[in-house]
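The values are calculated or read from the model by the stated rules, or taken from the named source; none is laboratory data. Source: prediction; values computed, not measured. Reconstructed Cβ throughout: ideal geometry from the backbone, glycine too, with neighbour counts over all protein chains shown.
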Amino acid sequence: MCYPLAMNGPPTSTPLGVELARTAREVGRAFEQALEDAGGSRPMWLILIALKQQPEANQRQLAAAVGIESATLTHHLNGMEADGLLTRRRDPANRRVHVVEMTPAGEELFHRLRRVVMVFDRQLHDGLDDAQVAALRQLLATLRQNVAQPLPELPPLDAEHCSLPVACADGVPHD
């Protein structure tokens with residue numbers, strides 16, 4: 001199968017990366033809105049679910065679980081602590097480490113957000129059977145693997161026609 005890379009005409013279809021980015025943005029916005037309508041946010045949900053999985057996590061462990069930098073986590077924890085959703089205390093074994101624990105109010109918010117997440121996930125599944133969901137998960141995993149690889153070297157531009165040759169799956173450029 002050949003993938004046209006010519007730069008001297010209009011694209012014949014929307015690149016997959018553009019479609020994926022657009023879909024991710026729309027799904028992300030809808031998810032954020034659903035969480036916000038329930039009194040939360042995506043960072044709050046990720047922190048609360050990490051605390052459910054590890055009830056007495058330190059800030060470094062939480063940052064790793066949530067996938068954010070420590071400074072960003074601290075910003076979110078400050079707000080959540082001010083809202084009474086969690087507490088932080090120094091670890092007696094290492095006073096430089098803060099242990100984070102969910103409060104009853106945090107527990108209540110977790111359950112409220114979990115219901116929202118479950119309903120949102122069901123909405124995403126609408127029109128998809130189990131085999132399609134499994135295939136989608138596999139396709140997404142493949143895309144993540146694909147982008148983890150370095151970008152292949154680009155072929156040189158054809159100066160006369162200001163275009164790239166057509167690259168084919170066999171790796172041989174064809175004009």
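Pairing residues of the stretch 39-50 that are among the polar types (S, T, N, Q) and assigned to a loop (DSSP other than H, G, I, E, B) with residues that are at pLDDT 95 or above and surrounded by fewer than 17 Cβ atoms within 10 Å (Cβ to Cβ), at Cβ distances under 8 Å and at least 6 apart in sequence or on separate chains, gives Ser41/Glu32. Annotation note: Cβ proximity below 9 Å between a residue of the stretch 16-37 that is closer than 17 Å to Val147 by Cα and touching a residue at least 24 places away in the same chain (Cβ under 8 Å) and a residue that is among the small types (Gly, Ala, Ser) and part of a helix (DSSP H, G or I) (sequence gap 6+ or interchain) occurs for no pair.
For the stretch 65-100, give me each residue that is of a type in the set (A, V, I, L, M, F, W, C), assigned to a strand (DSSP E or B), closer than 22 Å to Gly39 by Cβ and without any contact (Cβ under 8 Å) to a residue 40 or more places away in the chain. Explain how you work it out, then say what you get.
Taking the stretch 65-100 and keeping what is of a type in the set (A, V, I, L, M, F, W, C), we get 65-66, 68, 71, 73, 77, 80, 82, 85-86, 93, 97, 99-100.
Filter once more, so that each one left must be assigned to a strand (DSSP E or B): 86, 97, 99-100.
From what's left, closer than 22 Å to Gly39 by Cβ: 86, 100.
If the condition is that a residue be of a type in the set (A, V, I, L, M, F, W, C), assigned to a strand (DSSP E or B), closer than 22 Å to Gly39 by Cβ and without any contact (Cβ under 8 Å) to a residue 40 or more places away in the chain, then Leu86 is the only one that fits.
Yes or no: the stretch 103-125 includes at least one residue that is closer than 17 Å to Leu46 by Cα, at pLDDT 90 or above, touching a Ser or Thr at 6+ places or on another chain (Cβ under 9 Å) and assigned to a strand (DSSP E or B). The answer is no, given that none of the residues of the stretch 103-125 is closer than 17 Å to Leu46 by Cα, at pLDDT 90 or above, touching a Ser or Thr at 6+ places or on another chain (Cβ under 9 Å) and assigned to a strand (DSSP E or B).
State whether one or more residues within the stretch 63-76 are touching a Ser or Thr at 6+ places or on another chain (Cβ under 9 Å) and over 27 Å from Leu139 (Cβ atoms). Scanning the stretch 63-76, I find at least one residue that is touching a Ser or Thr at 6+ places or on another chain (Cβ under 9 Å) and over 27 Å from Leu139 (Cβ atoms), so the answer is yes. The set of residues in the stretch 1-38 that are assigned to a loop (DSSP other than H, G, I, E, B), modelled with pLDDT under 95 and of a type in the set (A, V, I, L, M) comprises Met1, Leu5, Ala6, Met7. Taken over the stretch 101-124, the criterion of being buried (at least 16 other Cβ atoms within 10 Å of the Cβ), under 11 Å from Ala38 (Cα atoms) and more than 20 Å from the chain's Cα centre (by Cα) is satisfied by Leu109 alone.
Kindly establish whether Glu81 is surrounded by 15 or more Cβ atoms within 10 Å (Cβ to Cβ) and among the acidic types (Asp, Glu).
Values: surrounded by 15 or more Cβ atoms within 10 Å (Cβ to Cβ): yes; among the acidic types (Asp, Glu): yes.
Against the criterion (surrounded by 15 or more Cβ atoms within 10 Å (Cβ to Cβ) and among the acidic types (Asp, Glu)), Glu81 qualifies.
Screening Met44 on (1) over 15 Å from Val99 (Cα atoms); (2) surrounded by 15 or more Cβ atoms within 10 Å (Cβ to Cβ); (3) of a type in the set (A, V, I, L, M, F, W, C); (4) more than 16 Å from the chain's Cα centre (by Cα) shows it passes everything except condition (4).
Selection of the stretch 51-60 for residues being part of a helix (DSSP H, G or I) and in contact with a strand residue (DSSP E or B) (Cβ under 9 Å, 6 or more places away or on another chain) yields Leu51, Lys52, Gln59, Arg60.
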